[in-house]
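Read the figures in this text as sums done on the coordinates, not as results from a lab. Bear in mind that the values here come from a model prediction, so they are computed numbers and not experimental data. Cβ placement follows ideal geometry from the backbone for every residue including glycine, while neighbour counts extend to all protein chains displayed.
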Amino acid sequence: MANDLIYVRVLQHDTEDMIRIGMATPVWNNQLDKVVDDVKAGYEKELSWCGGLEKGCDRFYKRIALVDAKTLAVVKVIWQRKDKEGK
């Protein structure tokens with residue numbers, strides 16, 4: 001089970017409630033942490049103009065996650081906004 005090949009997509013849920021879903025990508029189940037790190041690095045670079053990953057995501061997104069390519073069930077949360085109550 002730890003070495004199963006799965007297909008994931010990056011899901012972006014922005015502050016305007018628009019959802020974007022990337023293309024399906026095959027990854028080994030035991031390599032999910034590396035994929036998360038790679039996605040974070042991409043957002044860090046893309047959002048460097050406005051302060052990087054944390055500041056940019058807080059400004060533009062509600063959630064970024066890896067999801068199952070077929071079911072869209074969350075596999076790993078990459079970033080999630082905390083609301084005013086700290087949830």
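Quick notes
- If the condition is being loosely packed, with under 13 Cβ neighbours inside 10 Å and part of a strand (DSSP E or B), then the range 25-73 contributes only 26.
- Qualifying positions in the range 44-83 - in contact with a His (Cβ under 8 Å, 6 or more places away or on another chain) and among the acidic types (Asp, Glu): none
- Scanning the range 1-23 for residues that are loosely packed, with under 13 Cβ neighbours inside 10 Å and of a type in the set (A, V, I, L, M, F, W, C) yields 1, 2, 5, 18, 19, 23.
- Cβ-Cβ under 9 Å pairs, at least 6 apart or on other chains, the range 1-27 side within 14 Å of residue 66 (Cβ to Cβ) and touching a residue at least 40 places away in the same chain (Cβ under 8 Å), far side hydroxyl-bearing (Ser, Thr, Tyr) and crowded, with 17+ Cβ neighbours inside 10 Å: 12/61; 13/61
- When the range 60-87 is filtered for residues that are among the basic types (Lys, Arg) and touching a residue at least 24 places away in the same chain (Cβ under 8 Å), the ones remaining, listed by number, are 62, 63, 70, 76, 81.
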